[in-house]
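This report concerns only the one structure given below.
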Amino acid sequence: MPARRRADRLAEVARGLPSGVTADARIVREAWTTIRFANGRIHQPLVEEGEYLSFRVAEGGRLGTATTVDLSPDGVRTVVRAARALARIAPVEKTFPGFPVEASPRPAATAFSSATAHVTPEAATRVAERILAAAASRAPGGRIAGVVNIGSVNHRVVNSTGLDRGCRFSGAQASVLVDRPERDPPVSGWSEGAHWDVARLAPERLGREAAERVAESAPVAVEPGTYRVLLRAPAVATLLDYLAFLGFGGTGEAEGWSCLRRQRGRRIAPRSVDLVDDARSRRVIPCAIDAEGTATRSTPLIDEGVAGGPVTDVLTSGRLGRPLTGHALPPESPGGEYGPIPRHLVLSPGDAREEELVRETRRGILVTRFHYVRVVDPGRSVLTGMTRDGTYRIEHGEIVGPVRNLRFTESVLRTLRGTELVGREARQTASERAGSSTTCPDLVSSSFRFTSATLF
């Protein structure tokens with residue numbers, strides 16, 4: 001059955017439920033080509049296409065969600081029964097406001113690349129080959145590994161109030177690691193990037209950057225402590241992604257563990273820090289609606305250093321008494337339990353060139369990216385993790401050599417408060433299937449706490 005007819009049938013099912021029972025449904029279709037490479041050669045090409053249905057009912061203030069890949073009439077009937085059965089044992093949502101209505105703001109058009117959405121395996125392979133060739137030319141003898149993901153997602157949302165909206169987005173994402181395992185200790189370099197248009201992914205740049213970040217000399221040990229840091233864009237993106245969850249998610253605000261719960265409207269960073277979530281922007285991988293069919297919009301999170309409010313979905317808008325902001329995650333997803341989270345972050349660039357960032361750091365640590373990051377204290381935005389794949393010492397305003405990796409235990413808010421300089425060039429990163437993306441520049445922070453050192 002064509003996708004349009006399936007969605008029409010789902011709308012009929014949702015509207016035909018018994019009195020007092022409402023529902024929404026999502027049909028999600030994905031098509032991705034993944035090219036993995038290791039040891040300098042492509043070893044795992046994968047073409048994946050899939051379609052699934054998520055059906056959620058609200059009955060007596062109780063919500064239940066079930067999913068299926070069987071979109072036949074029997075499959076739909078089965079998933080509806082399962083969702084209603086789960087709703088009967090769910091807790092009551094006393095403030096549930098109902099599902100969005102069609103009269104709510106209409107979605108705006110967003111950027112989309114048909115060539116990216118319909119990429120051939122051969123074309124995706126050529127992107128990976130360009131990364132490999134660029135890395136190998138700059139780091140002969142290095143071991144090169146990474147991944148390229150290119151594809152698209154189409155999703156349509158219907159509900160029993162009459163809302164019926166669709167959206168599609170295209171995305172290309174790549175990361176590359178170059179290492180020299182034969183050295184003692186081993187050294188490595190990293191780069192990553194993303195774009196909604198694969199033609200703008202710049203694979204040669206990614207391969208070249210990763211190779212150039214491989215240290216020529218052996219890393220030296222430095223004492224743990226508090227240092228001024230120059231964070232490259234991938235490291236900044238990691239901190240911003242966690243802040244989006246810990247500080248701007250509606251669930252954290254409603255449950256009382258948000259790190260910004262008592263700081264709304266207050267200055268939390270210098271005026272140079274401007275952060276928005278804008279799923280319509282061409283600077284991210286844009287999408288016109290969220291998982292509940294609400295139109296996405298530009299949402300200020302940090303306005304010239306001042307903290308904004310949390311984002312919402314249907315449940316948290318009711319709990320908080322705030323309007324919908326268009327940030328619902330699929331209720332059946334692994335992250336659905338976390339509630340709405342900003343996932344299309346843009347940190348405004350400054351005017352500092354790379355050499356100025358290094359010079360003004362004076363004495364500190366350059367961090368290319370963070371690895372294995374975990375939350376320590378959500379209420380204070382404290383994280384722990386490690387530096388990885390390009391950690392360098394800066395002395396007298398110059399990069400003087402690599403250092404062994406360090407473990408950190410630090411607050412994202414404290415790091416942002418210490419922002420001294422923001423780079424002029426922004427870099428986009430994304431999750432492997434482009435469900436979230438962050439665009440940000442490098443930045444210098446006056447204070448970052450490293451709590452222990454490693455042997456590599």
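The values are calculated or read from the model by the stated rules, or taken from the named source; none is laboratory data. What you see is a predicted model, and the numbers here were worked out from it, not measured in a lab. When we count neighbours, we look across all protein chains shown, and the Cβ atoms used for this are built from the backbone with ideal geometry, even at glycine.
Give me the pairs, please: first residue somewhere in region 110-131 and exposed (fewer than 15 other Cβ atoms within 10 Å of the Cβ), second residue anywhere and of a type in the set (S, T, N, Q), beta-carbon distance under 7 Å, and either six or more positions apart or on two chains. What qualifies is PRO121/THR33.
Candidates in region 327-349 are the residues that are assigned to a loop (DSSP other than H, G, I, E, B) and touching a Lys or Arg at 6+ places or on another chain (Cβ under 6 Å); of these, the one that is modelled with the lowest pLDDT is PRO331. Is it the case that region 148-163 has a residue that's in the same structural domain as LEU17 (by TED's automatic domain parsing), surrounded by 18 or more Cβ atoms within 10 Å (Cβ to Cβ), within 27 Å of SER217 (Cα to Cα) and under 17 Å from the mean Cα position of the chain (by Cα)? Checked against the condition, which is being in the same structural domain as LEU17 (by TED's automatic domain parsing), surrounded by 18 or more Cβ atoms within 10 Å (Cβ to Cβ), within 27 Å of SER217 (Cα to Cα) and under 17 Å from the mean Cα position of the chain (by Cα), region 148-163 yields no hits at all. Just need a number here: residues in region 330-387 that are farther than 23 Å from ARG297 by Cα and among the hydroxyl-bearing types (Ser, Thr, Tyr). Going through region 330-387 one residue at a time, the tally reaches 6.
From the list CYS287, CYS259, which one is assigned to a loop (DSSP other than H, G, I, E, B), buried (at least 23 other Cβ atoms within 10 Å of the Cβ), touching a Cys at 6+ places or on another chain (Cβ under 7 Å) and of a type outside the set (Ser, Thr, Tyr)?
Working: CYS259 fails: touching a Cys at 6+ places or on another chain (Cβ under 7 Å).
The unique qualifying residue is CYS287.
Taking the criterion of being closer than 15 Å to ILE27 by Cβ and of a type in the set (A, V, I, L, M), the residues of region 141-174 that qualify are VAL153, VAL157, VAL158, LEU163. Cβ separations smaller than 9 Å between residues 6+ apart or across chains give the following pairs from region 411-423 residues that are acidic (Asp, Glu) to residues that are buried (at least 23 other Cβ atoms within 10 Å of the Cβ) and assigned to a strand (DSSP E or B): GLU420/LEU443; GLU420/VAL444; GLU420/SER445. Here VAL69 clears all of (1) in contact with a helix residue (DSSP H, G or I) (Cβ under 9 Å, 6 or more places away or on another chain); (2) touching a residue at least 24 places away in the same chain (Cβ under 8 Å) except the condition numbered (2).
Without any contact (Cβ under 8 Å) to a residue 40 or more places away in the chain, out of contact with any Gly (no Cβ under 8 Å at 6 or more places or on another chain), more than 27 Å from ARG84 (Cβ to Cβ) and not in a loop (DSSP other than H, G, I, E, B) - does that describe any residue in region 11-29? Full working, then the answer.
Residues of region 11-29 that are without any contact (Cβ under 8 Å) to a residue 40 or more places away in the chain, as a first pass: 12, 16, 18-19.
Imposing the further condition that a residue be out of contact with any Gly (no Cβ under 8 Å at 6 or more places or on another chain) reduces the set to 12, 16, 18-19.
Subsequent filtering for residues that are more than 27 Å from ARG84 (Cβ to Cβ) retains none.
No; the residues of region 11-29 include none that is without any contact (Cβ under 8 Å) to a residue 40 or more places away in the chain, out of contact with any Gly (no Cβ under 8 Å at 6 or more places or on another chain), more than 27 Å from ARG84 (Cβ to Cβ) and not in a loop (DSSP other than H, G, I, E, B).
The set of residues in region 184-221 that are within 23 Å of the chain's Cα centre (by Cα), in a helix (DSSP H, G or I) and of a type in the set (A, V, I, L, M) comprises VAL198, ALA199, LEU206, ALA210.
Restricting GLU360, GLU355 to those that are free of Cβ contacts under 8 Å to residues at least 24 places away in the same chain, out of contact with any helix residue (DSSP H, G or I) (no Cβ under 7 Å at 6 or more places or on another chain) and in a helix (DSSP H, G or I) reduces the list to GLU355. Does GLY318 satisfy being on the phi > 0 side of the Ramachandran plot, out of contact with any Gly (no Cβ under 8 Å at 6 or more places or on another chain) and either of a type outside the set (Phe, Trp, Tyr) or assigned to a loop (DSSP other than H, G, I, E, B) (or both)? No.
So, THR384, is that one of a type in the set (Val, Ile, Thr), within 29 Å of GLY252 (Cβ to Cβ), assigned to a strand (DSSP E or B) and more than 25 Å from the chain's Cα centre (by Cα) or not? Don't jump to the end; show me each part of the working.
Numbers: of a type in the set (Val, Ile, Thr): yes; within 29 Å of GLY252 (Cβ to Cβ): yes; assigned to a strand (DSSP E or B): yes; more than 25 Å from the chain's Cα centre (by Cα): no.
Here the answer is no, as THR384 does not meet what is asked.
Keeping to region 66-95, report how many residues are in a loop (DSSP other than H, G, I, E, B), exposed (fewer than 12 other Cβ atoms within 10 Å of the Cβ) and out of contact with any Asp or Glu (no Cβ under 9 Å at 6 or more places or on another chain). Residues that pass the stated criteria total 4.
Scanning region 296-315 for residues that are touching a Pro at 6+ places or on another chain (Cβ under 6 Å) and within 24 Å of ASP24 (Cα to Cα) gives VAL311, THR312, ASP313.
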